[in-house]
Amino acid sequence: MTETIVFYLFSFIIIVSALAVVTLRNIFHCALFLILCLFCVAGLYVLLYADFIAVIQVLLYVGAVSILIIFAIMLTARLAGRQVVMQNEQTFIGAFLALILMGGILWSLTGTFIRQSAEVPPPKSLATIGRLLMTDYVLPFELVSVLLLAALIGAIVIARREGT
Amino acid sequence: MQLIHYLSLSAILFSIGFYGVITRRNAIAILMSLELMFNAVNINLVAFNRFVTPTEFIGQIFAIFVIVVAAAEATVGLAIVILIHRNWRSIDADRVNLMKW
């Protein structure tokens with residue numbers, strides 16, 4: 001019962017703040033609503049017994065990516081604030097396509113049977129995830145660290161000023 | 001709560017992000033909508049992990065990889081946005097037409 005209430009509360013906040021992210025005119029407010037949305041997604045992960053993912057979500061999205069986005073808004077704010085028109089002329093066709101996409105996914109969900117497991121998830125996921133990352137999934141783990149290093153160097157090379 | 005609730009929420013969130021990607025002019029707003037879509041995918045992965053294979057954690061590991069790749073994407077994307085802003089004095093995605101014809 002409590003789980004249901006919490007789920008619907010989080011879902012409501014997620015959907016409302018996501019709509020605010022895509023429709024508000026002030027881009028700084030959009031960023032703040034994005035942070036709220038990501039935080040509530042972390043709450044949903046807790047509901048799904050994914051404690052480590054929830055912590056990672058708060059650290060990486062709410063902490064790092066949001067700060068990065070706010071930095072970028074600040075660096076471009078002089079023009080972003082003056083820019084009144086935030087939507088392009090594709091609003092109606094965009095809404096139409098998004099509704100078709102949502103309806104299609106929901107319609108295909110109702111006709112799909114997914115075999116669910118009745119097992120109870122173990123209370124702590126961190127030890128198992130760490131073991132799996134170091135044994136079965138060590139190659140993608142290392143690849144992803146190389147990807148992060150490449151993204152770091154690439155971002156520095158792209159964003160630095162010429163000649164410095 | 002059943003799996004279908006989480007999948008429906010994820011579909012709605014994905015569609016909202018899709019709408020933002022299509023209709024926004026500001027490049028940073030497009031990147032924020034992309035983050036919404038990544039989160040919808042992650043909810044899917046973790047929900048399937050919880051309800052289909054609760055003891056194997058494979059969905060959670062894929063969610064970790066998605067989060068890391070999204071962080072890398074945000075870094076490079078925002079660096080490109082700042083570079084575009086420096087050269088064009090604008091981050092309107094409709095006006096940046098260097099690679100269009």
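Going through region B:1-15 one residue at a time, which ones are closer than 18 Å to B:Ala74 by Cβ and facing chain A (nearest Cβ under 7 Å)?
Listed by number, the list holds a single entry, B:Leu13.
Could you please find all residues in region B:1-55 being open to solvent by 20 Å² or more (accessible area, probe 1.4 Å), polar (S, T, N, Q) and either assigned to a helix (DSSP H, G or I) or in contact with a Pro (Cβ under 8 Å, 6 or more places away or on another chain) (or both)?
Those that are open to solvent by 20 Å² or more (accessible area, probe 1.4 Å), polar (S, T, N, Q) and either assigned to a helix (DSSP H, G or I) or in contact with a Pro (Cβ under 8 Å, 6 or more places away or on another chain) (or both): B:Ser8, B:Asn44, B:Thr55.
Regarding region A:29-47, can at least one residue be identified that is facing chain B (nearest Cβ under 7 Å), open to solvent by less than 10 Å² (accessible area, probe 1.4 Å) and over 16 Å from the mean Cα position of the chain (by Cα)?
Checked region A:29-47: no residue is facing chain B (nearest Cβ under 7 Å), open to solvent by less than 10 Å² (accessible area, probe 1.4 Å) and over 16 Å from the mean Cα position of the chain (by Cα).
Keeping to region B:56-66, report how many residues are surrounded by fewer than 20 Cβ atoms within 10 Å (Cβ to Cβ) and either within 7 Å of chain A (Cβ to nearest Cβ) or assigned to a loop (DSSP other than H, G, I, E, B) (or both).
Number satisfying all stated conditions: 2.
Does B:Arg86 qualify as being free of Cβ contacts under 8 Å to residues at least 12 places away in the same chain, part of a helix (DSSP H, G or I) and more than 7 Å from chain A (Cβ to nearest Cβ)?
On the way: free of Cβ contacts under 8 Å to residues at least 12 places away in the same chain: yes; part of a helix (DSSP H, G or I): yes; more than 7 Å from chain A (Cβ to nearest Cβ): yes.
For B:Arg86, the condition - free of Cβ contacts under 8 Å to residues at least 12 places away in the same chain, part of a helix (DSSP H, G or I) and more than 7 Å from chain A (Cβ to nearest Cβ) - is met.
Cβ-Cβ under 9 Å, sequence separation 6+ or interchain: first residue in region A:2-25 and under 19 Å from B:Ser15 (Cα atoms) and not assigned by TED's automatic domain parsing to the domain that holds A:Phe39, partner open to solvent by 60 Å² or more (accessible area, probe 1.4 Å) and polar (S, T, N, Q). Which pairs?
From region A:2-25, no pairs qualify.
Report the residue count in region A:104-118 for those that are surrounded by 12 or more Cβ atoms within 10 Å (Cβ to Cβ) and farther than 26 Å from B:Val69 by Cβ.
So the answer is 3.
Would you tally the residues in region A:124-141 being open to solvent by 50 Å² or more (accessible area, probe 1.4 Å), in contact (Cβ under 8 Å) with a residue 24 or more places away in the chain and assigned to a loop (DSSP other than H, G, I, E, B)?
Number satisfying all stated conditions: 1.
The values are calculated or read from the model by the stated rules, or taken from the named source; none is laboratory data. Here the structure is a predicted model, which is why all the values come from computation and not from measurement. Here Cβ is always computed from backbone atoms with ideal geometry, including for glycine, and neighbour counts include all displayed protein chains. We work out accessible area using only protein heavy atoms, side chains counted, and drop any ligands, DNA or RNA first. Shrake-Rupley method; radii C 1.70, N 1.55, O 1.52, S 1.80 Å.
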